[in-house]
Amino acid sequence: MMDVMADRISPQRILEHVQRLGEQYPPIALDSVDRRVREPKAVADRYGHVIDYLARVELEVDRNVLELLVLLPDVQEVDRMFYADVWQPQEIQHGLILDRLQQDLGRPAARPELEVSFGIKVMGALAHFSTIQDIARLLYYLTGASTERQAVLAYNVLYDGMLNLGEPAIADTIISPIRRQEPGHFAFYRMSATELIQSGALKPWQLYLARVLRQKTYHLVGTNHQDRYRAQMGGVASVLGFADDLEKYAREVGRIEAQLLWAEQSGMEFPPYVLKALKESIDLYRERGFDA
Ligand SMILES: [Fe+2]
Ligand SMILES: [Fe+2]
């Protein structure tokens, strides 16, 4: 198992990473997409709900930016550069492209949640204290790493799935360009969280508070602390085959933060709350289905 802490990350390296992402991965243009779908009904039957879910989550990037502005009132330049110049422009195109695909498949347009939640506003009020903002930053990076990893895993399965269904246009002009952009996002958050921990800027009480908050607020990508989305996420995990081995998925998603946040619990492969969130989602899906 790789050890994130063994790799020293400098602020300069993060900055160069962000610049490189901006240069190498321009936002995907809507008209670069080949919209030919051979069997819309078959695609919708197999992956319709998954595409709905991903389209909504990608379109919620605009809310994520608002949350970020609330949570990090004194945002660092490199963080600003990342979300404003790289991340938001890329993610919004992912959302628009997937949203159009779902409508091409005869499904309704996505309805993203664009309202900043009360919990975020409270945290944001506290984040005006710089000691709290440092904690908020760490949680923001960990959330980013976890959600981007989930995106990478989903698009990998979806790519193969579209090829297997005989839909090369979707696979090669939608899923493939999108999935190429996700690992760079993941790497940004992984490096930023690692650098923050390695710098020693956080005192033991701040790390303690970060652990408590993380445990209380951890959520899977796009669930927005609501049961209906948790159920849908359970469905996505089931359709994509992750439900067959939840511990494997929890390891993939939670490994980084197990090493960064829970380092003294040696040998922890993923934080228990990751597996718990997954199990809850799967249970809700089994009870309620996708249309919870
Ligand atoms: Fe994305
Ligand atoms: Fe992303």
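Just so you know, all these numbers are worked out from the coordinates, no wet-lab data involved. Computed from a prediction, not measured in an experiment: that's the story for all the values here. Please note: Cβ atoms are built from the backbone with ideal geometry, for glycine as well, and neighbour counts cover all protein chains shown.
Taken together, the residues in segment 278-292 that are surrounded by 14 or more Cβ atoms within 10 Å (Cβ to Cβ) and more than 13 Å from E247 (Cβ to Cβ) amount to 7. Restricting attention to segment 55-76, the residues being within 15 Å of ligand 1 (Cβ to nearest atom) and not in a loop (DSSP other than H, G, I, E, B) number 10. Answer yes or no: is there a residue in segment 158-176 that is surrounded by fewer than 17 Cβ atoms within 10 Å (Cβ to Cβ), more than 16 Å from V43 (Cα to Cα) and within 16 Å of ligand 2 (Cβ to nearest atom). The answer is yes; a qualifying residue exists. Within segment 101-127, the set of residues being hydrophobic (A, V, I, L, M, F, W, C) and either more than 30 Å from D31 (Cα to Cα) or buried (at least 17 other Cβ atoms within 10 Å of the Cβ) (or both) comprises L101, L105, A110, V116, F118, I120, V122, M123, A125, L126, A127. Residues in segment 77-88 that are away from ligand 1 (no atom under 11 Å from the Cβ) and either within 17 Å of the chain's Cα centre (by Cα) or touching a residue at least 60 places away in the same chain (Cβ under 8 Å) (or both) were compared, and the one that is nearest to I178 (Cα to Cα) is V86.
Taking segment 194-208 on its own, how many of its residues are in contact with an Asp or Glu (Cβ under 8 Å, 6 or more places away or on another chain) and among the aromatic types (F, W, Y)?
Going through segment 194-208, the residues in contact with an Asp or Glu (Cβ under 8 Å, 6 or more places away or on another chain) turn out to be 194, 196, 201-202, 206.
Among the residues that remain, those that are also among the aromatic types (F, W, Y) are: none.
Residues in segment 194-208 being in contact with an Asp or Glu (Cβ under 8 Å, 6 or more places away or on another chain) and among the aromatic types (F, W, Y): 0 in total.
Residue-by-condition table, conditions (1) part of a helix (DSSP H, G or I); (2) under 16 Å from the mean Cα position of the chain (by Cα); (3) on the phi > 0 side of the Ramachandran plot; (4) not hydrophobic (A, V, I, L, M, F, W, C):
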{"site": "A110", "(1), (2), (3), (4)": "no, no, no, no"}
{"site": "G119", "(1), (2), (3), (4)": "yes, no, no, yes"}
{"site": "A154", "(1), (2), (3), (4)": "yes, yes, no, no"}
{"site": "M162", "(1), (2), (3), (4)": "yes, no, no, no"}
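Reported count of residues in segment 9-54, each being within 21 Å of R149 (Cα to Cα) and in a loop (DSSP other than H, G, I, E, B), is 5. Taking segment 128-156 as the range and being touching a residue at least 24 places away in the same chain (Cβ under 8 Å), within 16 Å of ligand 2 (Cβ to nearest atom) and not hydroxyl-bearing (S, T, Y) as the test, the residues that pass are L142, G144, A145, E148, R149, Q150, A151, V152, L153, A154. Which residues, taken from segment 150-169, are in contact with a Phe, Trp or Tyr (Cβ under 9 Å, 6 or more places away or on another chain) and either within 12 Å of ligand 1 (Cβ to nearest atom) or among the aliphatic types (A, V, I, L, M) (or both)? Within segment 150-169, Q150, A151, V152, L153, A154, V157, L158, M162, L165 meet the criteria.
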